[in-house]
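Asks: Once you've had a glance at the structure underneath, I'll fire off some questions.
The values are calculated or read from the model by the stated rules, or taken from the named source; none is laboratory data. This structure is a prediction, so every number in the text was calculated from the model and none was measured. Cβ: placed from backbone, ideal geometry, glycine included. Neighbour counts: every protein chain shown. The protein model used for the area step is the full one, side chains on, heavy atoms only, and it has no ligands, DNA or RNA in it. Shrake-Rupley method; radii C 1.70, N 1.55, O 1.52, S 1.80 Å.
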There are 2 protein chains.
Amino acid sequence: MKKVLILGSTGSIGVNSLNVIREHPDKFQVVGITTNSNIELLEQQINEFNPKIVAVKDVSQAKALKKRLNSSIEILSGEDGIINAALNSDYDILIGAMVGFSGLLPTIEAIKKGKRIALANKETLVVAGEIVTGLVAEFSAEIIPVDSEHSAIYQCLVGENLEEVEKIILTASGGPFLNKDKSFFENATVEEALNHPNWKMGNKITIDSATMMNKGLEVIEAHWLFGLPAEKIEVVVHPQSIIHSMVQFQDGSIKAQLGLPDMKLPIQYALSFPERLNNNFTRTNLPSIKTFTFFEPDFDKFECLSLAYQALRSGGNAPCILNAANEIAVEKFLLGKIKFSEISKIIYEALSKIEHQKSPSLDDIIECDKITRDFVTNSF
Amino acid sequence: MKKVLILGSTGSIGVNSLNVIREHPDKFQVVGITTNSNIELLEQQINEFNPKIVAVKDVSQAKALKKRLNSSIEILSGEDGIINAALNSDYDILIGAMVGFSGLLPTIEAIKKGKRIALANKETLVVAGEIVTGLVAEFSAEIIPVDSEHSAIYQCLVGENLEEVEKIILTASGGPFLNKDKSFFENATVEEALNHPNWKMGNKITIDSATMMNKGLEVIEAHWLFGLPAEKIEVVVHPQSIIHSMVQFQDGSIKAQLGLPDMKLPIQYALSFPERLNNNFTRTNLPSIKTFTFFEPDFDKFECLSLAYQALRSGGNAPCILNAANEIAVEKFLLGKIKFSEISKIIYEALSKIEHQKSPSLDDIIECDKITRDFVTNSF
């Protein structure tokens, strides 16, 4: 029986994690859950899974929850509350399902405890990949990716020799704007950008999918997870999202992992690895899907993808700037404050204006994240 | 440096095996080659690779070769000559690239010597799977499949637990008659049947591909290689022949192996496993291939595929009857003696008329093969 702490249990990955755990009550026990502010859903989850520890980032919502619950359960609050949950509770696996930069510090606490991290929060590796992978090695922790693409690559590499990898091929759905002209980006609405053809996900990641920044962040994440340089990480557009990614070896052989667009599978794999647990998830029926297609990505149209490759090649704090600028730009777009086409321009500006650091410390990264957020908030 | 004996070096797989070995002169050395009767090509191969032992099944051709060569090289002849090459020469890996039933006995000799068998001769497992797999276990030999489909499955299973396999999915090109009506089979010509859309192979296997008996034999081969019952072995038509086969695990995840239709890759893998050797084989470019399609196979139209499943389910000597009847029927078709549509009818007749044995010995199998060949030769 593995004890599981879920950071971000009310988001899309968190809810799916609980869906997986519900199917395997003999294998996994929820010992802690956290949310930013969605205490209605959190309360339902508390009632169903009976965790020992709960944390709510929003302090006033944490107080409101305490009143409603009227139980002996420990309720932490604030950003520190989330970090404390990772630092002080008793668990075997941490599911890092928070969105954005805020996942970094609690994940680091879990790594320092030598735990398994089922990592959905790609920003942790994007902004501080060098530090995080260093700590993983130092504390014998283990990161199993939950992103469907990285889970696919992880599965394809089982039993293989990483030194024999020629390249990895990340597949991309291409998002809702795959077949639109670049000129369309000028007036693309929030509603249009949120209308993803294959995946139901949170708002932030769905916009990232429309700009293809999501794939860019995944390229950087893959670099840290698998220790490969940018030129060995390729993106191929595969609109059906059935092949979740591929690995090409030095003999020319390609291995791929396939499945329906359903996060339950990679979540379960990250929890149960190296075992594969039986389940009743819907199976992939290839004759009913009928057709897979593949295209080169349009780097000219999807500037965010180009910017991510540039940031990876620049290294140091560049991916941190890229990520922070993107987070604020997407927030602004979702609030109707900027155009869709401005997202990439803002990120480009941030990368140009904010000072490049070659080997930032964790404190430098935290500082760089703040500076970038302030810059974007105030300049656009 | 691994010493390699190639049975059937002048056929399609044999020639490709030498193409692979030519690229890795530091890894593999050809110690022996054999042919049925193609001594022109064999002589060229002898001159290039300088093997220690040579065998020619056709006795008069063997004599002709001896005169031409005028060297100290040992030339064996007849069926016994081929078996002796496997029994008495010094090698690490035997490539079983002979066509049809004749591959069985020499392969068994290599197994009894505890060698690695790079097995392209699927009939060995089809006709005597139970005996062969028993001997492999007894003598700690090793079979690495060379068929692209089984190589794909073997690669997908590396690092995985066979007990967690839900099913394997063999892909089939569908052959040249995929889009023809069943009525077309009445008057299909040899030329049309030999016109395979993706693979350049020998005549026998190309006709097997047109009837889909090739896929049927592969289903039976997969049963013995991976220890799975018929209901866990599925066939999906994938006309592009890029996905070479797939494995679905009990968590619903599917792993696939992809590559161009080029036998050099699975041959090299079988030689170098568990290593993957660098090479300059043409790489797969998915955006230039653009589209994959998938269909259910038409069991009503491709009766040979249905017959193969039936033979696997019947067990015992049924696959041996299926295979022998098919070999003679295909020979007759290639000689213009029967119609394409009669191939499946002849096999059906043989399976109905020839006595079923539950647990045939090796001698029973050899006898059953002869009886079936005589039956088909004399009855149609």
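Asks: Quick one: putting +1 on the C-beta of Lys and Arg, -1 on the C-beta of Asp and Glu, what dipole do you get for the stretch B:150-314 around its Cα centre, in Debye to the nearest 20? Don't skip to the end; give the middle numbers.
Replies: Working: 14 positive and 20 negative charges, 105 e Å.
Here the stretch B:150-314 has a charge dipole of around 500 debye.
Asks: Dipole magnitude of the protein assembly as shown about its Cα centre, charges +1 at Lys/Arg Cβ and -1 at Asp/Glu Cβ only, in debye to the nearest 20?
Replies: Working: 74 positive and 96 negative charges, 40 e Å.
The dipole magnitude comes to about 200 debye.
Asks: Another question, then. To the nearest 0.05, how large is the calculated FRET efficiency for residue B:113 and residue A:1 if R₀ is 45 Å and r is the Cβ-Cβ distance?
Replies: On the way: r = 49 Å, r/R0 = 1.08.
Between residue B:113 and residue A:1 the formula returns 0.40.
Asks: How far, in nm, would the chain grow between residue B:179 and residue B:275 when pulled straight, counting 0.36 nm per residue and subtracting the alpha carbon separation?
Replies: Values: separation 96, 0.36 × 96 = 34.56 nm, distance 3.97 nm.
This chain segment gains 30.6 nm when fully extended.
Asks: Continuing with the same structure: May I ask you to report, in nm to one decimal and beginning with the shortest, the distances from residue B:361 to the same position in the other copies, taking label points 7 Å along Cα-to-Cβ?
Replies: 8.1
Asks: Using the basic label-point model (7 angstrom from Cα toward the beta carbon), what is the residue B:23 to residue A:298 distance in nanometres?
Replies: The answer from the label model is 3.6 nm.
Asks: A further question follows. Using amide H atoms built in the peptide plane, which far-off residues or other-chain residues are under 5 Å from residue B:143 H to H?
Replies: It is B:117, by chain and number.
Asks: For the stretch B:1-122, what relative contact order do you get, as a whole percent, if you take Cα pairs closer than 8 Å and at least 6 residues apart?
Replies: Values: 231 pairs, mean separation 33.0, N = 122.
Relative contact order for the stretch B:1-122 comes out at 27 percent.
Asks: Report, largest value first, the span of the C-alpha coordinates of the stretch B:315-380 along each principal axis, in whole Å.
Replies: So the three principal-axis extents are 35, 17, 15 Å.
Asks: Could you sort B:301, A:3 by accessible area so the largest value comes first, with the probe set to 1.4 Å?
Replies: Values: B:301 20, A:3 55 Å².
Final ranking, largest accessible area leading: A:3, B:301.
Asks: Helix-derived [θ] at 222 nm for chain B: sum -39500 (n - 2.57) over DSSP H runs of at least 4, divide by residue count, nearest 500? Before the final figure, lay out each step's value.
Replies: Values: 16 runs with 179 residues, N = 380.
Taking each H run of at least 4 residues, the total per residue is -14500 deg cm²/dmol.
Asks: While we're here: Would you mind counting up the charge near residue A:380? Only other residues with Cβ under 10 Å from its Cβ, with Lys and Arg at +1 and Asp and Glu at -1.
Replies: Values: positive: A:332, A:337, A:345; negative: A:342, A:349.
That works out to +1.
Asks: Within the set A:113/A:232; B:27/B:115; A:204/A:345; A:27/A:112, which residue pairs have Cα atoms separated by over 21 Å? Please report the intermediate quantities before stating the final value.
Replies: Working: A:113/A:232 32 Å; B:27/B:115 17 Å; A:204/A:345 18 Å; A:27/A:112 24 Å.
Beyond 21 Å between Cα atoms: A:113/A:232; A:27/A:112.
Asks: Let's test the formula: R0 of 30 Å, r as the Cβ-Cβ distance of residue A:70 and residue A:37. What FRET efficiency results, to the nearest 0.05?
Replies: E between residue A:70 and residue A:37, to the nearest 0.05, is 0.90.
Asks: How large is ³J(HN,Hα), in whole Hz, for each residue of the stretch A:233-244 in order, when computed from phi with the Karplus curve 6.51 cos²θ - 1.76 cosθ + 1.60 and θ = phi - 60°, using x for Gly and Pro?
Replies: Each residue's phi maps through the Karplus curve to give 10, 10, 10, 10, 7, 9, x, 7, 6, 9, 6, 8 Hz.
Asks: In the neighborhood of residue B:186, defined by Cβ-to-Cβ distances under 14 Å, what is the net charge if each Lys or Arg adds +1 and each Asp or Glu adds -1?
Replies: Cβ neighbours under 14 Å give a net charge of +1.
Asks: Something else: Applying a 10 Å radius around every beta-carbon, put A:138-150, A:62-74 in order of their mean neighbour count, most first. Please list the in-between numbers first.
Replies: Working: A:138-150: 21.2, A:62-74: 13.6.
Per-residue Cβ counts within 10 Å, averaged per peptide and sorted highest first, yield A:138-150, A:62-74.
Asks: Non-local amide H neighbours of residue B:74 (under 5 Å, H modeled in plane, Pro and chain starts lacking H): which ones?
Replies: B:54
Asks: Axis carrying B onto A: which residue of B has the nearest Cβ, and how far, whole Å?
Replies: Rotation axis B onto A, closest Cβ, rounded to whole Å: B:159, 1.
Asks: From largest accessible area down, sort A:306, A:17; use a 1.4 Å probe on the protein chains.
Replies: Details: A:306 30, A:17 0 Å².
The residues order as A:306, A:17, largest area first.
Asks: Also, quick follow-up: Using a label point 7 angstrom from Cα along Cα-to-C-beta, what distances in nm, from shortest up, separate residue A:231 from the other copies?
Replies: Label-point separations across copies, in nm and ascending: 5.3.
Asks: Here's something else I'd like to know. What are the semi-axes of the equivalent ellipsoid of the protein assembly as shown, taken as the square roots of 5 times the eigenvalues of the Cα gyration tensor, listed largest first and rounded to whole Å? List each step's numbers first, then the result.
Replies: Numbers: eigenvalues 645, 140, 122 Å².
Working from the Cα gyration tensor, I get semi-axes of 57, 26, 25 Å.
Asks: Per-residue Cβ counts within 10 Å, from other chains only, averaged over A:281-294: what number is that? Intermediate values should be presented prior to the final figure.
Replies: Values: counts 3, 1, 5, 6, 3, 15, 8, 2, 3, 4, 4, 11, 7, 8.
Partner Cβ neighbours, averaged per residue: 6.
Asks: Also: When you have a sec, figure out the Kirkwood radius of chain A from all distinct Cα pair distances and drop it here in Å to one decimal? Please report the intermediate quantities before stating the final value.
Replies: On the way: mean 1/r = 0.0473 Å⁻¹.
Across chain A, the inverse of the average 1/r is 21.1 Å.
Asks: Still on this model: Non-local amide H neighbours of residue A:2 (under 5 Å, H modeled in plane, Pro and chain starts lacking H): which ones?
Replies: Result for residue A:2 returns A:28, A:29.
Asks: If the only charges are +1 at each Lys and Arg Cβ and -1 at each Asp and Glu Cβ, what is the size of the charge dipole of the stretch A:2-145 around the Cα centre, to the nearest 20 debye? Write down the numbers at each step before the final one.
Replies: On the way: 15 positive and 16 negative charges, 53 e Å.
Magnitude of the dipole: close to 260 debye.
Asks: Under 16 Å between alpha carbons, and skipping anything fewer than 8 positions from residue B:66 in its own chain: which lysines qualify?
Replies: Those lysines meeting the cut-off are B:52, B:57.
Asks: Considering only DSSP beta bridges where both residues belong to the protein assembly as shown, give the percentage that are antiparallel (nearest 5). Kindly include the intermediate steps, with their values, before the conclusion.
Replies: On the way: 30 of 91 bridges.
For the protein assembly as shown, the DSSP antiparallel bridge percentage is about 35.
Asks: Between residue B:92 and residue A:52, what is the label-to-label distance in nm when each label sits 7 Å out along the Cα-to-Cβ direction?
Replies: For the pair residue B:92/residue A:52, the computed spacing is 5.4 nm.
Asks: Is the shape of the stretch A:167-214 rounded, prolate or oblate, going by the alpha carbon gyration tensor and its root eigenvalues a ≥ b ≥ c, with a/c under 1.5 for rounded and a/b larger than b/c for prolate?
Replies: Numbers: a/c = 2.13, a/b = 1.34, b/c = 1.59.
Oblate shape, in that a/c is at least 1.5 and b/c is the bigger or equal ratio.
Asks: Which of the three applies to the stretch B:1-154, rounded, prolate or oblate, going by the alpha-carbon gyration tensor with a ≥ b ≥ c and a/c under 1.5 meaning rounded?
Replies: Numbers: a/c = 1.75, a/b = 1.44, b/c = 1.21.
The shape class here is prolate.
Asks: Give the percent of DSSP beta bridges with both residues in the stretch B:150-314 that are antiparallel, rounded to the nearest 5. Please report the intermediate quantities before stating the final value.
Replies: Details: 11 of 16 bridges.
Of all bridge pairs located within the stretch B:150-314, approximately 70 percent are antiparallel.
Asks: For the pair residue B:290/residue B:355, report the inter-label distance in nm, with labels modelled 7 Å from Cα in the Cβ direction.
Replies: 5.9
Asks: Place the label 7 angstrom along Cα→C-beta at residue A:377 and in each other copy, then list the distances from the first to the rest in nm, shortest first.
Replies: Copy-to-copy label distances for residue A:377: 9.0 nm.
Asks: Between A:189, A:34, A:211, where does the largest GNM mean-square fluctuation fall for chain A, given springs only between Cα atoms within less than 10 Å?
Replies: Answer for the Gaussian network model of chain A: A:189.
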